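This report concerns only the one structure given below.
The values are calculated or read from the model by the stated rules, or taken from the named source; none is laboratory data. This one's a predicted model, so the numbers in the text were calculated from it and none came from an experiment. Cβ sites come from the backbone with ideal geometry, for glycine too, and all protein chains shown count toward neighbours. The area values use the complete protein model at the heavy-atom level, side chains included, leaving out ligands, DNA and RNA. Shrake-Rupley method; radii C 1.70, N 1.55, O 1.52, S 1.80 Å.
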Amino acid sequence: MATLIHTLADHSDDVNYCAFSSSCLATCSLDKTIRVYSLSNFTELPYSPLEGHTYAVHCCCFSPSGRVLASCSTDGTAALWDTRDGRRLAVLPQPGASPVRVCRFSPEATYLLAGAADGSVVLWNVQSLKLYRSGNVKGGSLMACAFSPNGNFFVTGSSSGDLTIWDDKMRCLCNEKAHDLGVTCCDISSHPISDSENGFKYFQMASCGQDNQIKLWLILFADFLGVELKYKCTLNGHSAPVLACAFSCDGQMIVSGSVDKCVIIYETSTGNTLHTLSQHTRYVTTCAFAPHSPLLATGSMDKTVHIWQLDVKQPCAGDTVENERKVAVEAWSEDDVSAWLCAQDLADFVGLFKMNNIDGKELLNLTKESLANELKIESLGRRSTVLQKIEELRMTMISVSVPVPDEFLCPITRELMIDPVIATDGYSYEREAMENWISNRRSSPMTNLPLHSLMLTPNRTLKMAISRWLETQQK
């Protein structure tokens, strides 16, 4: 079941896009503003709305850490904002000053991708704020884009109906006519599919378009094979152009929004419809799953954003943050700690904990003294509340006495992974083991082929799956 739990109605014009971080929801609109809300109670943050664009804001997205928010606009620019205080950090003008339709951070937050109505595609270096690479799609406006989870490639979709795959050097690797009347959105799941026969891992991609369809694709990216794009199936159900699509955090669900005013949630593996939501009164323009909680946001030309609570028994809805993440706490990232704080009604501490780089290991080591002297939490009552919640976490730590699923074992150490990362060969390894490996060689531990990059990308989906599996051992 999907239950409507909250409606945001602060925008004065069409809502164009919405995006989640671990603790916030951002929305943007034709009214030229971006609004940012806390996930703990859906109240607008004090610095919201963000103003500065001179025309409609088409898209917004958070950096992987959630500390930077990007937005793009008809005014021909992308902007970067500090999510701690709402400061505008930079304005990035699109070459040619064409309206910028979409923007995305790369998984490691090195680059911001911006795509425009004239077909231009730009990669900005987020640290230097310099233009790193640029290119163009042929015969149309750039309407959609998505990065692969390992950052090795990204996909763009155009109004001409093409899907184009690019590598991180902005070289066109593959082009496919996907939707006859134009692509409107695309998304790549962070959960790869294994091909046991050939030993490959495929990335799942969804695309949607003006032809009323959602198509699923499989992408194989390998140095020695190049890029292969395989059509998988078509999901039907909408009676009008589909404007938005997105995968859930573990790839088991896909949500779509359409001109028919409906939102449909599908099960990825079967294509079956799980839910049809019809509460919007005009075109549904955007939809997004939250990364660490069973929440879905949908936005519309009716100027509203609906927040839905998904039944935790449904695929990928998982459990609440409190239950889903209560084990393997030592492996939590700073974002995981932020999500936990929000679930405990302690969202006002998120900024303080991030400022002090509190991850799972640091969280478990906090004491009455460190809360008072290092974090400077003056209220005795608040310190006691935080300590009580931490103690509850400690009580949930368990030892595992049953065989560990093979996919949870590091291929190098054959031990349960605590901090899994994806290498450029597409396989996941324990971070420390892989860092030690590549310090001595540049080959893949699995294939023995050269690694074209030594970049390691956190595999948050696998990390969450390991946490959920550990939790089942407690029952």
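Nearest 0.05, what FRET efficiency do residue 230 and residue 369 give at R0 = 60 Å with Cβ-Cβ as r?
Given R0 = 60 Å and the Cβ-Cβ separation, E is 0.55.
Measuring from centroid to centroid over Cα atoms, what is the spacing of segment 359-384 and segment 37-90 in Å?
30
In terms of modelled amide H atoms, which long-range or inter-chain residues lie less than 5 Å from the amide H of residue 90?
80
Can you pull the percent of the chain's accessible area that's carbon plus sulfur, 1.4 Å probe, other chains left in place?
49
Run the dipole for segment 329-398 about the Cα centre, Lys and Arg Cβ at +1, Asp and Glu Cβ at -1, nothing else charged, and hand back the magnitude in debye, nearest 20.
Using only the charged Cβ atoms, the result is roughly 220 debye.
Work out from phi, with θ = phi - 60° and the Karplus expression 6.51 cos²θ - 1.76 cosθ + 1.60, the ³J(HN,Hα) of each residue of segment 127-138, listed in order in whole Hz, and give x for Gly and Pro.
Those phi angles translate into 6, 8, 6, 9, 5, 8, 8, 8, x, 9, 8, 9 Hz.
How much accessible surface area, in Å² rounded to 10, belongs to the heavy atoms of residue 65 with a 1.4 Å probe?
Answer for residue 65: close to 50 Å² accessible.
Report the charge-dipole magnitude of segment 24-128 in Debye, nearest 20, computed about the Cα centre from +1 at each Lys and Arg Cβ and -1 at each Asp and Glu Cβ.
With only Lys, Arg, Asp and Glu charged at Cβ, the dipole is about 100 debye.
Of the peptides 89-100, 110-121, how do they stack up when ordered by the mean number of other Cβ atoms within 10 Å, highest first?
Put in order of decreasing packing, that is 110-121, 89-100.
Can you tell me which lysines have their Cα less than 30 Å from the Cα of residue 138? Leave out same-chain residues fewer than eight positions away.
In chain and number order, the partners are 32, 130, 169, 177, 201, 215, 230, 232.
Might you work out the accessible area of residue 50 for me, using a 1.4 Å probe with all protein chains in place, and round it to the nearest 10 Å²?
Accessible area of residue 50: about 10 Å².
How high is the relative contact order of the chain, in percent, with contacts defined as C-alpha pairs under 8 Å that are six or more residues apart?
Worked out over the chain, it gives 11 percent.
Could you give the alpha-carbon Rg of segment 269-312 over 2.2 N^0.38 Å, rounded to two decimals?
1.24
Report the FRET efficiency, 1/(1 + (r/R0)^6), for residue 43 and residue 378, where r is their Cβ-Cβ distance and R0 is 30 Å, rounded to 0.05.
0.80
How would 193, 264 line up by accessible area, probe 1.4 Å, largest first?
Putting 193, 264 in descending order of accessible area: 193, 264.
In nm, what is the difference between 0.36 nm times the number of residues separating residue 193 and residue 88 and their Cα-Cα distance?
33.9 nm
Taking the simple approach of a point 7 Å from Cα along Cα-to-Cβ for both residue 13 and residue 355, what is their distance in nm?
In this crude spin-label approximation the distance works out to 3.6 nm.
Determine Rg/Rh for segment 406-474; Rg is computed over alpha-carbon atoms and Rh is the Kirkwood hydrodynamic estimate from the same atoms.
Looking at segment 406-474, the ratio lands at 1.00.
Find the accessible area per residue for the chain; the probe is 1.4 Å, ligands and nucleic acids are left out, and the unit is Å².
Result: 41 Å² per residue.
Just read off the accessible area of residue 32 with the full protein assembly in place, 1.4 Å probe, to the nearest 10 Å².
Surface accessible to solvent at residue 32 totals approximately 90 Å².
Under the 0.36 nm per residue contour assumption, what length would be gained going from the current alpha-carbon distance of residue 173 and residue 406 to full extension?
In short, 80.6 nm is gained.
Using a 7 Å offset from the Cα along the Cα-to-Cβ direction at both residue 181 and residue 97, what is the distance between the two label points in nm, to one decimal?
The modelled label-to-label distance comes out at 3.4 nm.
How far, in nm, would the chain grow between residue 127 and residue 443 when pulled straight, counting 0.36 nm per residue and subtracting the alpha carbon separation?
110.9 nm is the gain from fully extending residue 127 to residue 443.
Collect residues whose amide H, placed 1.01 Å from N in the peptide plane, falls under 5 Å from the amide H of residue 185; neighbours closer than 5 in sequence don't count.
208
Alpha carbons only, please: Rg and Dmax for the chain, in angstrom.
Calculated on Cα positions, Rg and Dmax stand at 21.7, 64 Å.
Could you order 334, 378 so the one with the most accessible surface comes first? Probe is 1.4 Å.
Largest accessible area first, the list is 378, 334.
To the nearest 20 debye, what is the magnitude of the charge dipole of the chain about its Cα centre, counting +1 on the Cβ of each Lys and Arg and -1 on the Cβ of each Asp and Glu?
So the dipole magnitude of the chain works out to roughly 500 debye.
Go through segment 40-57 residue by residue and turn each phi into a ³J(HN,Hα) via Karplus (6.51, -1.76, 1.60, θ = phi - 60°); whole Hz please, and just put x for glycine and proline.
For segment 40-57, the Karplus-derived couplings read 5, 8, 6, 8, 6, 5, x, 7, 7, x, 8, 10, x, 5, 9, 9, 3, 9 Hz, x marking Gly and Pro.
Check residue 136: other-chain or 5+ apart residues with amide H under 5 Å from its amide H, H built from backbone geometry?
Those lying under 5 Å, H to H, from residue 136 are 121.
Sort 230, 354, 130 from largest to smallest accessible area, using a 1.4 Å probe on the heavy atoms of the protein chains.
So, going from the largest accessible area down, we get 130, 230, 354.
Only Cα pairs under 8 Å and at least 6 apart count here; give the relative contact order of segment 406-474 as a rounded whole percent.
33
What net charge is computed for the residues neighbouring residue 238, neighbours being all others with C-beta under 11 Å from the C-beta of residue 238, Lys and Arg scored +1, Asp and Glu -1?
Net local charge, residue 238 excluded: -1.
Can you list the lysines whose alpha carbon is less than 20 Å from that of residue 389, not counting same-chain residues fewer than 8 positions off?
Within the straight-line cut-off, residue 389 pairs with 326, 354, 361, 368, 376.
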